[in-house]
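Remarks on the structure that follows.
What follows is calculated from the coordinates using simple rules that are stated; it is not laboratory data. Everything quoted here is computed from the prediction, not taken from an experiment. Here the Cβ is made from the backbone with ideal geometry for all residues, glycine too, and neighbour counts use every protein chain on show.
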Amino acid sequence: REHGVLVQVNYMPAYWHPAFEDLGYKRGMCPNAETYYEQEISLPMFADLTADQVSRVVEVLRNALAA
């Protein structure tokens, strides 16, 4: 985000969703799902993304991974 690329986290563990609160799930019950949630990002991906925008995302991602 600090480089102008909007990223999101889209894959919250399902049992954290308020709709499942009454089922008794607690944080820590599925450590792999929670670790994935803490580490994943969703890069911009949509039909109107221009080639220049794709190049910018790739450049920022490469620089971040190289750091």
| task | For the range 37-67, name all the residues that are touching a Pro at 6+ places or on another chain (Cβ under 9 Å) and closer than 28 Å to residue 17 by Cβ. | result | 37
| query | Does residue 7 satisfy the criteria of being at negative phi and either in contact with a Pro (Cβ under 8 Å, 6 or more places away or on another chain) or charged (D, E, K, R) (or both)? | reply | yes
| message | Can you find, within the range 37-67, the residue that is farthest from residue 15 (Cα to Cα) among those that are assigned to a helix (DSSP H, G or I) and among the charged types (D, E, K, R)? | response | 52
| Taking residue 34, is it assigned to a helix (DSSP H, G or I), surrounded by 13 or more Cβ atoms within 10 Å (Cβ to Cβ) and among the acidic types (Asp, Glu)? | yes
| Count - residues of the range 1-26 that are part of a loop (DSSP other than H, G, I, E, B) and either among the hydrophobic types (A, V, I, L, M, F, W, C) or under 30 Å from residue 61 (Cα atoms) (or both) | 13
